[in-house]
Amino acid sequence: MPKDTPVYYATGRRKESTARVYVRSGNGQFLVNKRTLDEYFDRETSKMVIKQPLALTEMLGKVDIFVNVAGGGLTGQAGAIRHGVSRALTQIDGDYRAILKNAGFLTRDARMKERKKYGQPGARKRFQFSKR
């Protein structure tokens, strides 16, 4: 990354995934873990989810985005990237905050896997009950 353009950094999270997002002005380059978006994500829905904040703020093709993402699955990682991109866009222009907040892109999705409890086979499942 050249030093002349300011770089905006934000962290996005969803489920077990954490995405570190770096945004700078450019021509629309998108790298996820040093691979292009198409190489990293197979599903079109994942790519669409990631591009939603950019489309909403009309910044698609105007910024370069570099992402380091780890943990969880591909869907969780896509959600984490969307969260991080949204947070970084609010740093670029404060007017984007209201737009992204109304769309729900700045809200951290707090749903997590429930832990397994002792005395039972899973998080909710119970061993079969027998009266005798």
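Taking only pairs six or more apart or across chains, which ones have beta-carbon atoms under 8 Å, a first residue in the range 92-106 that is farther than 21 Å from residue 9 by Cβ, and a second residue that is at pLDDT 90 or above?
103/52; 103/53; 103/56
Within the group 76, 61, which residue is at positive phi and among the small types (Gly, Ala, Ser)?
Residue meeting the stated conditions: 61.
Give the residue that is surrounded by the fewest Cβ atoms within 10 Å (Cβ to Cβ), with candidates limited to residues of the range 27-44 that are polar (S, T, N, Q) and closer than 24 Å to residue 58 by Cα.
It comes out as 27.
The values are calculated or read from the model by the stated rules, or taken from the named source; none is laboratory data. Nothing here was measured: the structure is a model prediction, and the numbers come from that model. Please note: Cβ atoms are built from the backbone with ideal geometry, for glycine as well, and neighbour counts cover all protein chains shown.
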